Amino acid sequence: MTLIPADTIVAIATAIVPQQGSIGIVRLSGQNALNIAKTIFYSPKKQTWESHRILYGYIRHPQTQQVIDEVLLLLMLAPRSYTTEDVIEIHCHGGIIPVQQVLQLCIEQGARLAQAGEFTLRAFLNGRLDLTQAESIADLVGAKSPQAAQIALSGLRGKLAHSIHHLRTTCLDILAEIEARIDFEEDLPPLNEQEIQESLTQVLDQVHQILATADRGELLRSGLKVAIVGRPNVGKSSLLNAWSRSDRAIVTDLPGTTRDVVESQLVVGGIPIQVLDTAGIRQTEDTVEKIGVERSRQAAQNADLILFTIDAETGWIAEDEEIYQQVHDRPLILVINKIDLADSQLAANAHFTKIVNTSAAKNQGIDALEQAILEMVKSENLTASNLDLAINQRQAAALTQTKIALLQVQETMNNQLPLDFWTIDLRSAIQALGEITGEEVTESVLDRIFSRFCIGK
């Protein structure tokens with residue numbers, strides 16, 4: 001992504017939906033943003049064009065004087081703006097036509113359509129944000145749960161950046177001490193190797209602590225993929241409907257009703273969960289159902305957790321055992337459904353450590369099911385509670401490089417190699433830490449990060 005500072009960029013900053021909305025926002029940023037706004041904006045009354053002021057008026061074509069929309073115009077002039085450039089927001093009536101017409105008019109006046117994430121990229125390049133804060137903005141926009149939003153907000157406020165800056169500063173101080181002894185060996189006292197080892201150990205401990213948040217952070221961002229699996233007519237679709245409190249799946253007494261994978265998005269204990277209601281797994285000659293069964297098998301293999309559902313009336317039968325053998329390598333919870341129709345309680349099944357009794361038709365056992373899922377998550381050390389920061393995959397990779405480099409520094413010291421060798425891996429660690437905050441980062445990395453932003457952000 002090549003940025004031309006003189007460019008003025010423009011984009012629709014609100015979500016585009018087929019239905020009508022109340023407000024649509026067109027955002028401009030750059031040195032020509034104010035001139036473009038003054039060219040296309042008309043106000044019947046004299047108003048002062050000063051920063052952080054809202055003006056009322058109309059957007060009209062400068063040549064034809066045709067009025068396009070009645071708007072509010074928000075001024076955020078440099079440097080007090082998101083990008084530190086002149087930023088103009090035009091608040092139009094909602095709906096696709098008004099905002100598209102205003103967008104097109106801005107382009108005709110010399111603005112360029114923004115690339116994905118370019119507003120935030122400018123904020124980063126202009127020193128308004130570091131790279132961790134920029135990534136936190138993307139996480140905040142895409143948050144699927146309140147907890148995920150809180151983690152993103154913590155990153156935006158600099159929680160992670162502060163920790164990384166502290167580690168990098170410590171490494172730079174160690175490097176300065178070592179290089180001073182290389183350049184001025186005769187003028188300085190001997191290097192305190194024990195003190196350096198202690199500092200490196202402290203840095204490594206903090207790196208390990210931050211790295212430990214990677215899995216939990218990924219869980220909050222991406223969520224948990226849960227597949228409801230079982231033979232036909234055990235109540236899988238009814239379970240999904242009861243759990244999601246909706247009629248997402250068609251429910252009948254006929255086996256094989258569900259022919260494809262049905263998805264539903266839920267939040268359990270602050271963790272986003274993608275629930276997949278799969279077609280009943282069985283041998284069938286029906287071509288369409290056969291495709292559904294195969295998709296069910298694939299969904300089960302790709303799921304993070306499987307809710308293996310059986311019928312309390314019939315109990316555990318040979319068909320259940322056959323399906324179990326296909327999915328037993330995945331984390332499993334046994335869901336015994338239709339307990340309201342069963343004459344007696346089923347005996348414990350040795351295959352499963354977690355068993356939940358439900359009656360989807362009567363909305364019974366849903367709370368117990370959610371609790372069992374959360375316990376499974378915690379048993380995998382993926383709990384999302386009480387996190388104040390959580391790193392993403394890119395940051396985790398850079399921290400891993402940092403850890404490897406610092407461990408190599410310690411080994412170099414233990415082997416009593418010359419000081420020049422100490423500095424090589426120490427510089428690698430410093431560079432890796434700088435990649436996290438953006439102090440040392442390549443254009444290709446920026447392209448990869450900001451490409452996942454929406455156009456207007």
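The values are calculated or read from the model by the stated rules, or taken from the named source; none is laboratory data. A quick note: this is a predicted structure, and the numbers were derived from the prediction, not measured. All Cβ positions, even for glycine, are placed from backbone atoms using ideal geometry, and neighbour counts span all protein chains on display.
Conditions first: (1) surrounded by 13 or more Cβ atoms within 10 Å (Cβ to Cβ); (2) farther than 30 Å from L417 by Cα. P146 passes all but one, so which condition is the exception?
(1)
Any residue in segment 80-108 that is within 19 Å of A134 (Cα to Cα) sitting within a Cβ distance under 7 Å of a residue that is of a type in the set (V, I, T) and crowded, with 16+ Cβ neighbours inside 10 Å? List the pairs, counting only those 6 or more apart or interchain.
From segment 80-108, the pairs are S81/V87.
Return the total of residues in segment 304-331 being touching a residue at least 12 places away in the same chain (Cβ under 8 Å) and over 19 Å from G235 (Cα atoms).
The number of residues fulfilling the criteria is 5.
Scan (1) over 29 Å from the mean Cα position of the chain (by Cα); (2) of a type in the set (S, T, N, Q); (3) surrounded by 15 or more Cβ atoms within 10 Å (Cβ to Cβ) for the single condition Q100 breaks and write down its number.
Here Q100 meets the rest and fails (1).
Any idea which of D367, D425, D420, D388 is farther than 30 Å from D183 by Cβ, at pLDDT 85 or above and either of a type in the set (D, E) or exposed (fewer than 15 other Cβ atoms within 10 Å of the Cβ) (or both)?
After ruling out the rest, the residue left standing is D367.
Can you tell me which of (1) farther than 26 Å from Y82 by Cβ; (2) modelled with pLDDT of 90 or more; (3) among the basic types (K, R) is the one R216 doesn't meet?
R216 satisfies all of (1) farther than 26 Å from Y82 by Cβ; (2) modelled with pLDDT of 90 or more; (3) among the basic types (K, R) except (2).
Within segment 159-211, can you find the residues that are in a helix (DSSP H, G or I) and among the acidic types (D, E)?
D173, E177, E179, D183, E193, E195, E198, D205
Regarding segment 53-65, can at least one residue be identified that is of a type in the set (D, E, K, R), closer than 20 Å to K457 by Cβ and surrounded by fewer than 14 Cβ atoms within 10 Å (Cβ to Cβ)?
The answer is no, given that none of the residues of segment 53-65 is of a type in the set (D, E, K, R), closer than 20 Å to K457 by Cβ and surrounded by fewer than 14 Cβ atoms within 10 Å (Cβ to Cβ).
What pairs come out if I take residues in segment 209-223 that are among the acidic types (D, E) and pair them with residues that are part of a loop (DSSP other than H, G, I, E, B) whose C-beta lies under 6 Å away, six or more apart or interchain?
D215/L382
State the number of residues belonging to segment 312-331 that are surrounded by fewer than 20 Cβ atoms within 10 Å (Cβ to Cβ) and not in a helix (DSSP H, G or I).
9
If we keep just the residues of segment 417-448 that are without any contact (Cβ under 8 Å) to a residue 60 or more places away in the chain and among the polar types (S, T, N, Q), which is farthest from D130 (Cα to Cα)?
Looking at residues that are without any contact (Cβ under 8 Å) to a residue 60 or more places away in the chain and among the polar types (S, T, N, Q), I get S428.
Hey, A114 hits all of (1) more than 18 Å from A13 (Cα to Cα); (2) surrounded by 23 or more Cβ atoms within 10 Å (Cβ to Cβ) but one; which does it fall short on?
For A114, the failing item is (1).
From (1) crowded, with 23+ Cβ neighbours inside 10 Å; (2) at pLDDT below 95, pick out the condition that doesn't hold for I90.
(2)
Identify all residues within segment 42-69 that are in contact with a Ser or Thr (Cβ under 7 Å, 6 or more places away or on another chain) and assigned to a strand (DSSP E or B); write none if there are none.
Result: L55, Y56, G57.
I need a count of the residues in segment 37-62 that are touching a helix residue (DSSP H, G or I) at 6+ places or on another chain (Cβ under 6 Å) and under 15 Å from V10 (Cα atoms).
Counting residues in segment 37-62 that are touching a helix residue (DSSP H, G or I) at 6+ places or on another chain (Cβ under 6 Å) and under 15 Å from V10 (Cα atoms) gives 1.
Could you list, ordered by first residue, the pairs with Cβ atoms under 7 Å in which the first is in segment 168-180 and without any contact (Cβ under 8 Å) to a residue 40 or more places away in the chain and the second is among the acidic types (D, E), at least 6 apart or interchain?
none
For the list (1) crowded, with 19+ Cβ neighbours inside 10 Å; (2) without any contact (Cβ under 8 Å) to a residue 24 or more places away in the chain, I need the number of the one condition that I137 fails.
(2) is the only condition that I137 fails.
Among the numbered conditions (1) touching a Phe, Trp or Tyr at 6+ places or on another chain (Cβ under 7 Å); (2) of a type outside the set (S, T, Y); (3) assigned to a strand (DSSP E or B), tell me where L121 comes up short.
The one condition L121 does not meet is (3).
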